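The values are calculated or read from the model by the stated rules, or taken from the named source; none is laboratory data. Computed from a prediction, not measured in an experiment: that's the story for all the values here. Neighbour counts run over all protein chains shown; Cβ positions are idealised from the backbone, glycine included.
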Amino acid sequence: MSTSTAQGPATDVAPAPEQRPGGRLPRWAPWAAFVAALAVAYLVGLATSTNVVLLVIYTVVIGTAGLYVASRIVEGPRRAVDRLVTCLVSSAFGIAMVPLVSLAYEVIRRGVLRFDGEFFGASLVGVIGEGGGAYHAIMGTLIITLLTTLISVPIGLLTAIYLVEYGSGRLKRAITFFVDVMTGIPSIVAGLFAYALFVIFFGAGIRLGIMGAVALSVLMIPVVVRSAEEVLKLVPNELREAAYALGVPKWRTIVKVVLPTAIAGLGTGVTLAIARVIGETAPLLVTVGITNGTNLNPFEGRMATLPVYAFYQLTQPGVPPENAIDRAWTAALILIMLVMGLNVVARLISRFFAPKTSR
Amino acid sequence: MKLSTKTRATTLSVALASTLALTACGASNETDNASSSGEDGGLSGTLVGAGASSQQAAMQGWSAGYNSVQPDVTVNYDPVGSGGGREQFLAGGTDFAGSDAALDEEELAEAEERCGASGIFELPNYIAPIAVVYNLEGVEDLNLSPETVAGIFNQQITTWNDPAIAADNPDATLPDQAITPVNRSDESGTTENFTEYLAAAAGEAWPHEPSGDWPVSGGEAAQGTSGVVSAVEAGAGSIGYADLSQAGDLGVANIGVGEEFVEPTAESAAAVVENSETLEGRGEYDFAIELARDTTESGNYPIVLISYHVGCIEYEDQETADLVKDFMTYVVSEDGQQAAAEAAGSAPISDALREQAQSAIDAITAA
Amino acid sequence: MTVTSPPQEPTAPPPVRRPGDRIFSLSAKGAGILILVILAGVTLFLLAESFPALTAPAEEIPGEGGLASYVWPLIFGTLLSAAIALLVATPLAVGIALFITHYAPRRLAQVLGYVVDLLAAIPSIVYGFWGIAWLAPRLVPFYRWLEENLGFIPLFAGPVSPTGRTMLTIGLVLAVMILPIVSAISREVFSQVPTLHTEAALALGATRWEMIKMAVIPYGKSGIIGGAMLGLGRALGETMAVAIILSGSAAGITFALISSANPQTIAANIALQFPESTGIDVNTLIASGLVLFVITLLVNMLARWIVNRRADFSGAN
């Protein structure tokens, strides 16, 4: 598979007995190995059933094996193992790309079918079969996410301020630890918590928009705390000390000096935290439920939200199913766009709002 | 630096706010009730119901159709499930309930508190035939006796060329292929009715109690009716149970009733409901029925799901009474049943059932 | 966790405590305490709402066998799916982390890291959509091959599910979902390996793999373990993807990974049954949620303990 001076006599500098340092594969050897493997795989594919996935798998396996054998003959086992690991590690990354690419492709392909004006302008009231949209669900998602942010950001930010600026001793350690633990609460448990909380006051079977916001807050607060804490720690102490030296009270130092300095990082963190909860389905499923009409009041009755809407359109599509299933995929596409959009916004915030250090 | 940050922050929030404002212009298909009052039918108000999700699609058809008659009445139906629907109705939270099962003794007692001495109405207004759907190449017609259906779903009959199936289908060529039974993974009225049928009609072959949760382990389980249908579509040799309206291109088995095999249709499903006995000892207008699952009558298809509308005969205020009366009249009318059939694929009720229901509806009054 | 060491306690504020200062520091402290209260509240309210199920007679619990026999197969399903996910994801995530930190061109590394993190941004319900529409049907031929050739192993016992909505599929989907978190934490640890260690290894003539084996892996071991545990916590609580994809039933305990009969997971079971449940059924579901909460809490506390322990002594290096 490669030009080689294999079996060359061992030179005098061999440090280990099992190594054959005589040869070194040329730089193009890995490429050659995989091109050859592709050819072999293609022939095998012709003989058996051809399939792109199998072709790729065969190519990678044959190429890796070929390269390993060639390297072992020419360069000795140590380098051969090194090359093998390089192949394995690179394929690990390649494998991770398969779901990402196929998911994006599938969601876009099926999502664009109903990506039209009616989808954004109409709800499901009186819709039978074709047409209809997710206006009510989009509004519900926006309202509940906004409420969640209003609850989570003050609590999360104040907690981070406490941890960085005031906290000490056991309370600080306890809060840090439990915030970490809280990031691991399963989302459905957060939903059950909100349900259990409201049931005590409103009786069984209650479904309210605000319950969803409470459930999502349980998930969002720890994310806000963690990111705000990191950012606040980055604010140089010199700034604080300068403010104290001028006789500025501590709280005004925090509000007027520390927070403005950290505003870019805080904005990024909050945006990412919103992105984290906006696609949550399970907690909303058990607390907010679903409805066909537009309900903009989170304190009364069920609300539709985009993820739950997508879930029910897919699993309970009605007659004939195609229309609802198309709506479900479009809802999924919008969800992905929302999350990705928020991620981009987060990056933009950190780029444009970052304090320009003159250093 | 600080100033510019602020300006940019303001620009950003203004941009965000205007995006929100743009979207907040209301759904194009929802009309404002207050704007056009007092035309057509003359009634106005909001009617609130909750209950079985099985009749949600039908309810969408009804509320859409009813809206063209009474544009100022909004019908809200909350698909919380049968149990939740009954609970909310009895607690006075809703005006009527949709339920896949009739009220039990305890609930009837509660209903007396809710509605007073004149009692309640229970009308079987939604009838949906449940089809046994299968995916088997080369077999166009499939006849299955109750015992065979039970054997298949109980996983005693595991291949398509089993003698029991062959006995039901002497003319078909059955392949030597494994049967994959598909059931619902979520708790559902469909499962409850299907197992009820098996328990009643299949005798020894079905040793399980009727239940909303599928009692047999080891089958393919799928979420929702559509999940079952797509699972059966995807798997050659699969068989499942699903609303007839959603069977699509799948094969639909004829079910053994007495000496013959009956095809599930709207007529055969309505027929079995009509021929079932009304439960005794309940209110005058309580038309809860005991479905004749083990019927042997010709042309009756026994695997149906019925969903009731439950409400009071006597409401506290005139407005609610009028609304319930008018809406229920529409629901049982030919138009209403047709609307449900289009929206949900249900079987329209027969004229006899309609007359019976109308007698209850006419009795609705305000205290 | 990146560059930070906590700032030194800022020099003492002015001796006069102004009311503004009191209010501000108290509200900050209050917010911190509120978080502890919320966490305690989650436990208490779940306990309160699951109490009726804990005390109810066995025949009122769905399945009529009592709470333990209702929850146990669910616990089993939850653990099994998460275990598969962990087995698949950990080596893959370590490979990805190594690729990004030690193999990929320096300039590309950050972008590649961001691409992997995108996997974490995708909502779990979309994973469900993808799993049932794209992945599951494509796995069926592979499962058939497994059954034909490895069917003698109980794990791959037939009959194969014709739709591919099996425990193994769920394991793979969960693996994809926890990949970003495990690889992110491994990446962080790998990039913290002291350059002295790696350069010393290379200077001794080690190949890149030998350097990784000698310097990077030992240093990052606890980070990998901690990351894997965090991933485990995530996989245990994953709801919607499982609810949509898995063909879960009352199958009880089975290790057959590619057949139609699979135990359901706690979280997915709640999502599927909750919307239409009433009365004692709701309490039973909340009780199962409490069990899930306790399991994930233990796993996460262990994970944090491992990760934090590493952070403690890494400063000394």
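Just checking: which of the helices (runs of 4 or more DSSP H) contained wholly in the range C:182-239 hold 1 or more residues that are under 12 Å from the mean Cα position of the chain (by Cα)?
By residue number, C:217-237.
Kindly provide the set of residues from the range B:297-315 that are outside any loop (DSSP other than H, G, I, E, B) and either polar (S, T, N, Q) or more than 13 Å from B:Asp243 (Cα to Cα) (or both), ordered by number. Explain how you work it out, then say what you get.
The first filter runs over the range B:297-315 and keeps only residues outside any loop (DSSP other than H, G, I, E, B), leaving B:304-312, B:314-315.
Selection gives B:Ser307, B:Tyr308, B:His309, B:Val310, B:Gly311, B:Cys312, B:Glu314, B:Tyr315.
Give the number of residues within the range A:237-263 that are closer than 19 Å to A:Arg351 by Cα and within 8 Å of another protein chain (Cβ to nearest Cβ). Break it down stepwise before answering.
The first filter runs over the range A:237-263 and keeps only residues closer than 19 Å to A:Arg351 by Cα, leaving A:258-263.
From what's left, within 8 Å of another protein chain (Cβ to nearest Cβ): A:260, A:263.
So the count comes out to 2.
Where residues in the range A:98-117 are within 24 Å of A:Thr59 (Cβ to Cβ) and either surrounded by fewer than 15 Cβ atoms within 10 Å (Cβ to Cβ) or of a type in the set (Val, Ile, Thr) (or both), which of them is nearest to the other protein chains (Cβ to nearest Cβ)? Break it down stepwise before answering.
First, the residues of the range A:98-117 that are within 24 Å of A:Thr59 (Cβ to Cβ): A:98-106.
Imposing the further condition that a residue be either surrounded by fewer than 15 Cβ atoms within 10 Å (Cβ to Cβ) or of a type in the set (Val, Ile, Thr) (or both) reduces the set to A:98, A:101-102, A:105.
Values: A:Val98: 9, A:Val101: 10, A:Ser102: 6, A:Tyr105: 9 Å.
Only one residue tops the list, namely A:Ser102.
Any idea which residue in the range B:250-292 is farthest from the other protein chains (Cβ to nearest Cβ), counting only those that are acidic (Asp, Glu) and either in a helix (DSSP H, G or I) or within 21 Å of the chain's Cα centre (by Cα) (or both)?
Step one: filter the range B:250-292 for residues acidic (Asp, Glu), giving B:259-260, B:263, B:267, B:274, B:277, B:280, B:284, B:286, B:290.
In the following step, the residues that additionally are either in a helix (DSSP H, G or I) or within 21 Å of the chain's Cα centre (by Cα) (or both) were identified as B:263, B:267, B:274, B:277, B:286, B:290.
On the way: B:Glu263: 19, B:Glu267: 18, B:Glu274: 24, B:Glu277: 28, B:Asp286: 22, B:Glu290: 24 Å.
Among those that are acidic (Asp, Glu) and either in a helix (DSSP H, G or I) or within 21 Å of the chain's Cα centre (by Cα) (or both), it is B:Glu277.
Could you grab me the full set of residues in the range B:209-242 that are at the interface with chain C (Cβ under 9 Å from one of its Cβ atoms), of a type in the set (Ser, Thr, Tyr) and in contact with a strand residue (DSSP E or B) (Cβ under 6 Å, 6 or more places away or on another chain)?
B:Ser217, B:Ser238
Being within 12 Å of chain A (Cβ to nearest Cβ) and on the phi > 0 side of the Ramachandran plot is the requirement here; does C:Gly279 meet it? Don't jump to the end; show me each part of the working.
Values: within 12 Å of chain A (Cβ to nearest Cβ): yes; on the phi > 0 side of the Ramachandran plot: yes.
Yes: the conditions hold for C:Gly279.
Considering only residues that are farther than 12 Å from C:Ile35 by Cβ and either facing another protein chain (nearest Cβ under 7 Å) or surrounded by 19 or more Cβ atoms within 10 Å (Cβ to Cβ) (or both), which ones fall in the range A:168-184?
Once the filter is applied, which keeps residues that are farther than 12 Å from C:Ile35 by Cβ and either facing another protein chain (nearest Cβ under 7 Å) or surrounded by 19 or more Cβ atoms within 10 Å (Cβ to Cβ) (or both), the range A:168-184 yields only A:Gly184.
If you take the residues in the range C:164-194 that are small (Gly, Ala, Ser) and under 13 Å from C:Ala83 (Cα atoms), which one is surrounded by the fewest Cβ atoms within 10 Å (Cβ to Cβ)?
First, the residues of the range C:164-194 that are small (Gly, Ala, Ser): C:164, C:171, C:175, C:183-184, C:186, C:191.
Next cut, under 13 Å from C:Ala83 (Cα atoms) only: C:171, C:175.
Working: C:Gly171: 21, C:Ala175: 25.
For the range C:164-194, the residue satisfying everything is C:Gly171.
Restricting attention to the range B:111-147, which residues are within 22 Å of the chain's Cα centre (by Cα) and under 20 Å from B:Ser230 (Cα atoms)?
Step one: list which residues in the range B:111-147 are within 22 Å of the chain's Cα centre (by Cα), which gives B:120-134.
Of everything in the range B:111-147, those that are within 22 Å of the chain's Cα centre (by Cα) and under 20 Å from B:Ser230 (Cα atoms) turn out to be B:Ala128, B:Pro129, B:Ile130, B:Ala131, B:Val132, B:Val133, B:Tyr134.
In the list A:Leu208, A:Leu197, which residue meets the criterion of being crowded, with 21+ Cβ neighbours inside 10 Å, over 17 Å from A:Leu272 (Cβ atoms) and facing another protein chain (nearest Cβ under 10 Å)? Break it down into steps so the answer makes sense when it comes.
Values: A:Leu208 fails: facing another protein chain (nearest Cβ under 10 Å).
On inspection, the qualifying residue turns out to be A:Leu197.
Is it the case that the range A:331-353 has a residue that's in contact with a Phe, Trp or Tyr (Cβ under 9 Å, 6 or more places away or on another chain), within 15 Å of B:Ser226 (Cα to Cα) and buried (at least 24 other Cβ atoms within 10 Å of the Cβ)?
Checked the range A:331-353: no residue is in contact with a Phe, Trp or Tyr (Cβ under 9 Å, 6 or more places away or on another chain), within 15 Å of B:Ser226 (Cα to Cα) and buried (at least 24 other Cβ atoms within 10 Å of the Cβ).
I'd like to verify a number: residues in the range C:1-59 that are loosely packed, with under 12 Cβ neighbours inside 10 Å, under 30 Å from A:Val286 (Cβ atoms) and at pLDDT below 90, how many?
3
Could we say that A:Gly156 is surrounded by 20 or more Cβ atoms within 10 Å (Cβ to Cβ) and touching a Lys or Arg at 6+ places or on another chain (Cβ under 8 Å) here?
Working: surrounded by 20 or more Cβ atoms within 10 Å (Cβ to Cβ): yes; touching a Lys or Arg at 6+ places or on another chain (Cβ under 8 Å): no.
Spelling it out, it is not the case that A:Gly156 is surrounded by 20 or more Cβ atoms within 10 Å (Cβ to Cβ) and touching a Lys or Arg at 6+ places or on another chain (Cβ under 8 Å).
Does A:Val189 satisfy the condition of being at the interface with chain C (Cβ under 8 Å from one of its Cβ atoms), closer than 23 Å to A:Met211 by Cβ and part of a helix (DSSP H, G or I)?
Values: at the interface with chain C (Cβ under 8 Å from one of its Cβ atoms): yes; closer than 23 Å to A:Met211 by Cβ: yes; part of a helix (DSSP H, G or I): yes.
The answer is yes for A:Val189.
So which of A:Leu84, A:Leu103 is outside the structural domain of A:Thr271 (by TED's automatic domain parsing) and under 29 Å from A:Leu216 (Cβ atoms)? Before the answer, list the steps.
Numbers: A:Leu84 fails: under 29 Å from A:Leu216 (Cβ atoms).
Testing whether each residue is outside the structural domain of A:Thr271 (by TED's automatic domain parsing) and under 29 Å from A:Leu216 (Cβ atoms) leaves just A:Leu103.
Counting only residues that are within 21 Å of C:Ile295 (Cα to Cα) and surrounded by fewer than 24 Cβ atoms within 10 Å (Cβ to Cβ), which one in the range C:231-253 is farthest from the other protein chains (Cβ to nearest Cβ)?
C:Ile253
Taking the stated definitions as given, is C:Ile258 touching a Ser or Thr at 6+ places or on another chain (Cβ under 6 Å), more than 9 Å from chain B (Cβ to nearest Cβ) and more than 13 Å from C:Met167 (Cα to Cα)?
no
Looking at the range B:210-248 only, could you name the residues that are of a type in the set (D, E, K, R) and at pLDDT below 85? Give the derivation first.
Kept after step one, since they are of a type in the set (D, E, K, R), are these residues of the range B:210-248: B:213, B:220, B:233, B:243.
Matches in the range B:210-248: B:Asp213, B:Glu220.
List the number of the failed condition for A:Leu158; all other conditions in (1) within 11 Å of another protein chain (Cβ to nearest Cβ); (2) modelled with pLDDT under 90 hold.
(2)
Can you report the number of residues in the range B:153-162 which are assigned to a loop (DSSP other than H, G, I, E, B) and in contact with a Pro (Cβ under 8 Å, 6 or more places away or on another chain)? Please lay out each step first, then the result.
Let us first name the residues in the range B:153-162 that are assigned to a loop (DSSP other than H, G, I, E, B), namely B:154-158, B:160-162.
Add one more test, that the residue is in contact with a Pro (Cβ under 8 Å, 6 or more places away or on another chain), and what stays is B:154-155, B:160-161.
Total satisfying the criteria: 4.
Tally the residues that are more than 26 Å from A:Ile325 (Cα to Cα), free of Cβ contacts under 8 Å to residues at least 40 places away in the same chain and within 14 Å of chain B (Cβ to nearest Cβ), restricting the search to the range C:149-167.
The first filter runs over the range C:149-167 and keeps only residues more than 26 Å from A:Ile325 (Cα to Cα), leaving C:149-160.
Checking the rest, the ones that are also free of Cβ contacts under 8 Å to residues at least 40 places away in the same chain come to C:149-153.
Cutting the leftovers down to within 14 Å of chain B (Cβ to nearest Cβ) gives us C:151.
Count: 1.
Residue-by-condition table, conditions (1) more than 10 Å from chain C (Cβ to nearest Cβ); (2) assigned to a helix (DSSP H, G or I); (3) not aliphatic (A, V, I, L, M):
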| residue | (1), (2), (3) |
| --- | --- |
| A:Phe93 | no, yes, yes |
| A:Phe119 | yes, yes, yes |
| A:Glu130 | yes, no, yes |
| A:Gly140 | yes, yes, yes |
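Between residues in the range A:255-272 that are assigned by TED's automatic domain parsing to the domain that holds A:Ile151 and of a type in the set (D, E, K, R) and residues that are surrounded by fewer than 22 Cβ atoms within 10 Å (Cβ to Cβ) and assigned to a helix (DSSP H, G or I), which pairs lie under 9 Å by C-beta distance while being six or more apart or on different chains?
Pairs found: A:Lys256/A:Ala243.
If a residue has to be within 7 Å of another protein chain (Cβ to nearest Cβ) and more than 26 Å from the chain's Cα centre (by Cα) to count, how many in the range C:98-147 make the cut?
1
Among the candidates B:Ala200, B:Ala150, B:Ala172, single out the residue that is more than 14 Å from every other protein chain (Cβ to nearest Cβ), part of a helix (DSSP H, G or I) and either more than 29 Å from B:Ala341 (Cβ to Cβ) or more than 24 Å from the chain's Cα centre (by Cα) (or both).
Working: B:Ala200 fails: either more than 29 Å from B:Ala341 (Cβ to Cβ) or more than 24 Å from the chain's Cα centre (by Cα) (or both); B:Ala172 fails: part of a helix (DSSP H, G or I).
Just one listed residue meets the conditions, B:Ala150.
Do you know which residues across the range A:24-57 are modelled with pLDDT under 80, within 33 Å of the chain's Cα centre (by Cα) and in a helix (DSSP H, G or I)?
A:Val52, A:Val53, A:Leu54
Looking at the structure I just gave you, is A:Ile336 under 15 Å from the mean Cα position of the chain (by Cα), in a helix (DSSP H, G or I) and at the interface with chain C (Cβ under 9 Å from one of its Cβ atoms)? I'd like the intermediate steps shown before the answer.
On the way: under 15 Å from the mean Cα position of the chain (by Cα): yes; in a helix (DSSP H, G or I): yes; at the interface with chain C (Cβ under 9 Å from one of its Cβ atoms): yes.
In short, yes.
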